[in-house]
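K.L.:
Below is a structure I'd like to ask you about.
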Amino acid sequence: MTTEHPEMDAEQAYVDHAYACLESARDRALELTAMVEVGQGGTNQARFEREAIWDSVAARLGRLDTGDAALVFGRIDQEVEVGGGRFYIGRVGVWDVDQDPVVVDWRAPVAEAFYRATGPVPMGLERRRHLVSRGRVVVGIEDELFGDPERFRDGDGSRLKGEGALIAALETARTGRLGDIIGTIQAEQDDIIRAPLSGVHAVQGGPGTGKTVVALHRAAYLLYTHRFPLEGQGVLVVGPNRLFLAYIEQVLPSLGEAGVQMATLGDIVGGVRVDDRREQAEVGRLKGDLRMVRFVSRAVRTRQRALRTDLRIGYGLQWLVLPAEESQRIVDQARRRYRTHNAARKFVEAEFYEALVASGRGDLDPKAVRERLRGELSVREALEWMWPVLTPARLLNDLFGSRALIRTADPSLTTEQVDALYRERVSQPDDLLWTASDAPLLDEARAVLGARPGRSEEDTVRTYGHIVVDEVQDLSPMDLRMLDRRSLNGSMTVVGDIAQATGAWAHNDWEEILRHLPDRHPPVRHELTVGYRIPGPLMDVAARVLTVAAPDLAPPRSVRGDGDPPRFVALTGEQAEKLDGLAEVVRSELEAVGTGNLAIVTTDSQAADVEDALERFGIAYGRPTRQGLDAQVAVVPVGLVKGLEVDGAVVVEPARMVREHAQGMRALYVALTRATRRVAIIHTEPLPRVLE
């Protein structure tokens, strides 16, 4: 790739023409709004048409907004035998005033050859050209000529596509946000991106293989290819925590798809506040077990109760009576007739008042009796006892606030497990902050309870036409059941790395995961084998940890053979006591990465000590919030760093990391594989043997 390419000026002129056509398309879209101006006397139909056109224009403008990213990044020249066409490949489709294509959207069928053509299988191409740009300026051109036997003499088609453009992109400093890869997608990645919509597609990929960005590009591709029905059905992207969502949130908008919902599991429960905290391994594993399905169901059933004694209430000159045995009949009937708890409340109320009327003298009107008695405290208490209207938060607040109710819901629980589930009941359950481990229990409760009377729109579970799940290897069976419930047609893309499974429900193989996901079609397995992000010397050290963490898995093959090996720094004496040597290491690593960013990866228990050390020496840093990676230096516990990439990483106390995590070696593997350029390892304790 060189800036002296003889066609540089011609390509720059074409790119300028493409941008001019793009601006013209924006102007035409804006002109549409003037067609439906509605004054104060406009009709409802006119207002509806205006809003529909404005929504359409906004969506179109969103797709045409490329921001600072390059509009055009490639070109393909076809052989004469297949038409001899020349197509420029870019971020969005652009046409000129005659509606001739100027730029082809990267997701269009004709662009497939740009990503998949190889020497042995050129797919009708004579040339593939990669354009490297800074903003609107073309700074480099790289050509692959498919008629050149020397270039493809290896014959296996495994070489990188656009190697120069790819390496240039990999060596660009990180921004704290994940970027797209549409100009450098490789063949094994494209196979996944363009896979059919139906069924569950599971992607195993080691660190740096691009599994996250591939999954996001697949979402964008499916929306382009299946705009109807997916735009109406919705696409959901689920990440492990809000820091991760902040890290990936720019990718889909940069691809012209701004309408995708991005959420954690806690976010999609609805109606409650859930944070990113996962509870200790024992409690988290218990709450993630499928035994919780019956646990929640029995907890709801215990709230469907006959009266303990007959209800007597005065009505005029007589007493109306609801015998306890009659209340049992009402409860039994409601259980048989209705699938969800809240749906039966109206039936219970109707039968309740009918029974009262039947006990009275004269021709009593049930509606009149109801209107007169509904405000009576004894009536409200009786109905609340027999069949209360419940929210998931109220049900679990009451359940976990009583050891007796916990034991009733699951008599097989041990005393230790009951104590682990118990927590003080609060008076306002809607104000509770639940943990991520509670999310699937709240969702299970919502499914069993159903919508409250008059709240069906608010309480109904939203489903989606396609769901993308990242870091799926850490999700419990209850988490996966929650995702299955939200799948409209069984179409999902789930990505992860078994070697990075570190949670309470760390899975050892993909079969453990797939058995809990939709099975309307046989699942399709994919594997990404090439590591693009991590330099070879860093991957070599991480691979040693992998032999212990997940001996059955092979490390990804790194495309970047050069780079600095990890730097080991032992702190001794006074430096070790307060991590005083940390500041010196951080400053030297910052100097090495220049404008890049740096993550200090530590255990939860040592994060405060790390922050104290940085503050003592005046080093500014960010914390793992939605804006945490906006700072050049961020202190990130190893439990939150998964899925992120940074220019440099400082891994603090590997032995402590291994000791304090249930999947300690896997946690260390995660920590060592976040950096694209440099890793420094600080320790006061002896290193784990695998790092010696």
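K.L.:
Quick one: Debye curve from the alpha-carbon atoms of segment 311-386 only, equal weights, vacuum; give me log10 I(q)/I(0) at q = 0.11, 0.15, 0.18, 0.22 Å⁻¹ to two decimals.
P.N.:
-0.26, -0.49, -0.69, -1.01
K.L.:
Let me ask something else. From the helices alone, meaning DSSP H stretches of at least four residues, give me the mean residue ellipticity at 222 nm for the chain, per-run term -39500 (n - 2.57), in deg cm²/dmol to the nearest 500. Before the final figure, lay out each step's value.
P.N.:
Numbers: 29 runs with 278 residues, N = 692.
The per-residue figure over the chain is -11500 deg cm²/dmol.
K.L.:
Lysines within cross-link reach of Lys346: Cα-Cα under 28 Å, excluding same-chain residues under 8 positions apart?
P.N.:
Partners within reach: Lys367.
K.L.:
Then there is this: Please get the size of the charge dipole for the chain, origin at its Cα centre, with Cβ charges of +1 on Lys and Arg and -1 on Asp and Glu, quoted in debye to the nearest 20.
P.N.:
Value, rounded to 20: 2960 debye.
K.L.:
Take each of the peptides 222-229, 95-102, 115-122, 246-253, average the number of other beta-carbon atoms within 10 Å over its residues, and list them starting from the highest.
P.N.:
Those peptides, ordered most packed to least, come out 246-253, 115-122, 222-229, 95-102.
K.L.:
Another question, then. Using Cα extents along the principal axes in Å as the read-out, say which of (i) 105, 78, 48; (ii) 93, 67, 47; (iii) 108, 60, 53 was calculated from these coordinates.
P.N.:
So the calculated entry is the one marked (i).
K.L.:
Now, a different point. Can you tell me what share of the DSSP beta bridges in the chain is antiparallel? A percent to the nearest 5 is fine.
P.N.:
Close to 35 percent.
K.L.:
Projected onto the charge dipole of the chain (+1 at Lys/Arg Cβ, -1 at Asp/Glu Cβ, origin at the Cα centre), which of Thr502, Thr529, Ser588 gives the Cα projection farthest towards the positive end?
P.N.:
Farthest towards the positive pole: Thr502.
K.L.:
Same structure again: Between Glu376 and Glu23, what length in nm is gained on full extension when 0.36 nm per residue of separation is reduced by their alpha carbon distance? Numbers along the way, then the final one.
P.N.:
Values: separation 353, 0.36 × 353 = 127.08 nm, distance 6.84 nm.
Once the chain is fully extended between Glu376 and Glu23, it gains 120.2 nm.
K.L.:
Please report the relative contact order for segment 536-691, taking Cα pairs under 8 Å with a sequence separation of at least 6, and give it as a percent rounded to a whole number.
P.N.:
Numbers: 277 pairs, mean separation 48.7, N = 156.
Reported as a whole number, the value is 31 percent.
K.L.:
Additional query: Report the one residue of Thr435, Val214, Ala393 whose Cα lies farthest in the direction of the positive end of the charge dipole of the chain (charges on C-beta: Lys and Arg +1, Asp and Glu -1; origin at the Cα centre).
P.N.:
So the residue we want is Ala393.
K.L.:
Please enumerate, by chain and number, the lysines with C-alpha under 21 Å from the C-alpha of Lys211, excluding those fewer than 8 residues away in the same chain.
P.N.:
Cα-Cα hits under 21 Å: Lys161, Lys642.
K.L.:
Something else about it: At 7 Å along Cα-to-Cβ for each site, give me the label-to-label distance between Asp562 and Asp289 in nm.
P.N.:
5.5
K.L.:
For the chain, calculate the relative contact order in percent as a whole number, restricting contacts to Cα pairs under 8 Å that are 6 or more residues apart.
P.N.:
It rounds to 14 percent for the chain.
K.L.:
How many angstrom separate the Cα center of segment 494-556 from the Cα center of segment 334-391?
P.N.:
55
K.L.:
Amide H of Ile600: which non-local residues (sequence gap of 5 or more, or other chain) have their own amide H closer than 5 Å, using H built in the peptide plane?
P.N.:
Amide H neighbours of Ile600: Ala634, Val635, Val636, Val650.
K.L.:
Could you give the length gained by full extension between Leu145 and Leu433, i.e. 0.36 nm per residue of separation minus their alpha carbon distance, to one decimal place? Each step should come with its number before you reach the end.
P.N.:
Numbers: separation 288, 0.36 × 288 = 103.68 nm, distance 5.93 nm.
Separation in residues times 0.36 nm, less the Cα-Cα distance, equals 97.7 nm.
Read the figures in this text as sums done on the coordinates, not as results from a lab. What you are looking at is a predicted structure, and each value in this text was computed from that prediction instead of being measured. Counting neighbours? That spans all protein chains shown, and the Cβs are built from the backbone with ideal geometry, glycine included.
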